[in-house]
1. So for region B:129-192, considering every pair of alpha-carbon atoms, how many percent are separated by more than 17 Å?
2. For region A:133-162, list whatever residues lose no less than 40 Å² of accessible surface once every protein chain is in place, relative to that chain by itself, with the probe at 1.4 Å.
3. For chain B, take the longest principal axis of its alpha carbons; what is the angle in degrees between that and the long axis of helix B:129-153, to the nearest 10 within 0 to 90?
4. Among the listed pairs A:K71/B:K135; B:K115/B:K135; B:K61/B:K135, which are separated by more than 29 Å between their Cα atoms?
5. Taking each residue of B:90-98 in turn, how many C-beta atoms of other protein chains fall within 10 Å of its C-beta, and what is the average?
6. Just the number, please: carbon plus sulfur as a percent of the accessible area of chain B, 1.4 Å probe, no ligands or DNA/RNA counted.
7. Mind pulling the per residue volume of the convex hull built on the Cα atoms of region A:8-59? Å³ is fine.
8. Quick one: Cα centre-to-centre distance for region A:13-30 and region B:1-72, in angstrom?
Number of protein chains: 2
Amino acid sequence: MAEQLFLGDYQNLFNLFDNIYPLKDEIKSAIIANSEVIEVAKKTKLLSVDERSNTIYFIIKGAARIFYLDKEGKETNTWILFENQLLISVYSFYTGNPSFEYIETLEHCQLIAVKREKLDELYLNFMEFNFSGRKLTEFYHMRNEIQANELRMLSAKERYQNLLERNPQLFQRVSLGHIASYLGISQETLSRIRKQK
Amino acid sequence: MAEQLFLGDYQNLFNLFDNIYPLKDEIKSAIIANSEVIEVAKKTKLLSVDERSNTIYFIIKGAARIFYLDKEGKETNTWILFENQLLISVYSFYTGNPSFEYIETLEHCQLIAVKREKLDELYLNFMEFNFSGRKLTEFYHMRNEIQANELRMLSAKERYQNLLERNPQLFQRVSLGHIASYLGISQETLSRIRKQK
DNA sequence: GCTGGCTTTTGACAAAAGTCAAAAAACTAT
DNA sequence: ATAGTTTTTTGACTTTTGTCAAAAGCCAGC
């Protein structure tokens, strides 16, 4: 009988993949061998502006945000991410160019970290792993498209109501200031919207 | 000596792929066998709201837009696409769910059309084709992320100046009304921005 | 060269959201 | 519990962008 691979912290990541296309144990072992599980404190910067991102993270436990600073130095959050999501500065990780955004933990986090060279090796050594990678990228691509469309087509209030409905846990774990910024509105406007109804 | 594959209309599509990861002739043949080259007139709808998108297009010649209707029935363009770009309603094509947006040609177009079932077959039959598919998806994903960030961080005027600088050809081929809509502003606002400087 | 559409511009006004400053409320750590 | 920090709310005012309506400009086809 085949020996059972010890998955531990990788359980959820592999579930994610297996739901797309069952991953061979060989690939799972290679993923484990080519990544590491790290713990980082709240408010740790995982990436800063002008650095080149060379790591993709999977959030086992915790929360993080991606944000940039505008011309006046004000922070704007573009993503807020939780358990079982990938944490990546898309532009810098894919292109290798210096980042225009920051990645910062919002809570104490447990993460799986994979370096780009290792990931590239995995993709080259296991061609069928690209099937999973493609599907996952398609999913994140779609999520972005939806986000961009909502920024265009919905008013501040509608975006708030949408988020509240679809992601109520967010409001338990993240300050309204961060949420306002993620919604693309000022904190004061969010406060007024919430009072209204 | 190996027989030279006749590429014809597929030349540019294959160049795109070859720049990512050289495609075997076997795959190229399969792509040709599983797609078709079509001509469509200006203002043709390739996808309408509530239809399920089952085709991805590569633009050989021409231009097209993707847009949705807001609550008041006003059109908003989310993408304007030209030669050598992929034309797809990301949400509907990836999920198979009914579309919330339209795809419409802006000019007479020559397109390569691939049905989803055929594309899925190609991905399953040629695992290394997923390598190319993944990279291409990553590229489009990145482009979306940039678009969403610009919608957040730049003012109407800055978005206009950016677009003018990076995509001047757009202004030759597409009406200002369509461009304003793509920039997420009203036609009148665009007109005023243009007058200013 | 004129006619009948589109497209673009202009003006007056309205709406949505932002800014600044201060108060109130909610947490945190000692 | 309390002092100190951070977060959230409130009020007054400003800025940006949108809306509506009309005029002007442009272009295709007869």
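1. On the way: 993 of 2016 pairs.
Of all Cα-Cα distances in region B:129-192, 49 percent exceed 17 Å.
2. Buried on complex formation: A:R134, A:T137, A:E138, A:H141, A:M142, A:N144, A:E145, A:A148, A:N149, A:L151, A:R152, A:M153.
3. Once rounded, the angle reads 10 degrees.
4. Numbers: A:K71/B:K135 32 Å; B:K115/B:K135 20 Å; B:K61/B:K135 23 Å.
Violating the 29 Å limit, Cα to Cα: A:K71/B:K135.
5. Details: counts 8, 6, 1, 2, 6, 3, 0, 0, 0.
The shielding value for this peptide is 3.
6. Details: 4820 of 9690 Å².
The computed percentage sits at 50.
7. Numbers: hull volume 5.7 nm³, N = 52.
Expressed per residue, the convex hull around the Cα atoms of region A:8-59 is 110 Å³.
8. Centre-to-centre (Cα) distance: 31 Å.
The values are calculated or read from the model by the stated rules, or taken from the named source; none is laboratory data. Bear in mind the structure is a predicted one, so any value in this text is a computation, not a measurement. Counting neighbours? That spans all protein chains shown, and the Cβs are built from the backbone with ideal geometry, glycine included. For accessibility, only protein heavy atoms count, side chains too; no ligands or nucleic acids. Shrake-Rupley method; radii C 1.70, N 1.55, O 1.52, S 1.80 Å.
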